[in-house]
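Below is one structure, written out as structure tokens; comments come after it.
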Amino acid sequence: RQGGDSADQQDLIYGEVSEHVGNLTSPLLRQLLSPGSEWLAADAAEQFAVFCELFDRDVALAEGRIIPHSGAHQDYDRVQQEVAALQQQLDDLEKLERARWSGSRKVQLKAVGKHPALLEVPKDLLERQGGDSALPTSYAPVSETKKVARFQLPEVQALVPPLGLAKDSLSVIEGNLLLDYQEVFSKQFRNLPKLVDALAMVDCLLSFQLFSVDCETGAKSH
């Protein structure tokens, strides 16, 4: 959970556990779940909250990237917005060029070799629309294959340098943030093994309890 939710969650956990811990017959389970134990240490929720709030877990799970939550890092947000805006301009230019060529999705901006954004036009489409005479004067031929012709467009080339610079800046910020995250993790890690061990024991005890209940239920049914 993010932000101020961690304190509320901690109070909720304490309340729920305190309500039932007195009824437990297992000494080990009672010890593990008693407030102030390794599992319910006073700062347990805060320790876990550190990692929940440190980076965007949804992006980490979906994309494998460790980045801050939106609004948590101003420089990162600013550069990310700059990258998104420049990329959107490229996407819009690509759509305009497709419209020029009958809306064909085979007309596309593509990175080729040292060129980060060339417009590819299928040769058969080019021929159907009049061959070289159909080419706008702004198209600068760069290369071709048996199937496509590739061109530089001035509008596209004007966007390439700032977009590359913004992406490089974003990568630098992400690298520095990752180092910061690793430092935080290193400091917090020494507090986690006992919590993890206690959670593992609680999980085993609860699994045994469920198995015991199932066995009793099955015996009664027969």
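The values are calculated or read from the model by the stated rules, or taken from the named source; none is laboratory data. Because the structure is predicted, anything quoted here is derived from the model rather than measured. FYI the Cβ positions are ideal-geometry reconstructions off the backbone, even for glycines, and counts take in every protein chain you see.
For the reader, a short list of remarks on this structure follows.
- Subset of segment 165-179 that is surrounded by 14 or more Cβ atoms within 10 Å (Cβ to Cβ) and not hydrophobic (A, V, I, L, M, F, W, C) - its residue that is nearest to LEU54 (Cα to Cα): GLU174
- Annotation for segment 172-182: at least one member residue is outside any loop (DSSP other than H, G, I, E, B), polar (S, T, N, Q) and under 26 Å from the mean Cα position of the chain (by Cα).
- Hey, LYS194 assigned to a helix (DSSP H, G or I) and in contact with an Asp or Glu (Cβ under 6 Å, 6 or more places away or on another chain) or not: yes
- Failed criterion for GLY64 (all others in (1) under 29 Å from the mean Cα position of the chain (by Cα); (2) modelled with pLDDT of 95 or more hold): (2)
- Test: residue in segment 13-24 that is touching a Pro at 6+ places or on another chain (Cβ under 8 Å), surrounded by 11 or more Cβ atoms within 10 Å (Cβ to Cβ) and at pLDDT 70 or above: no
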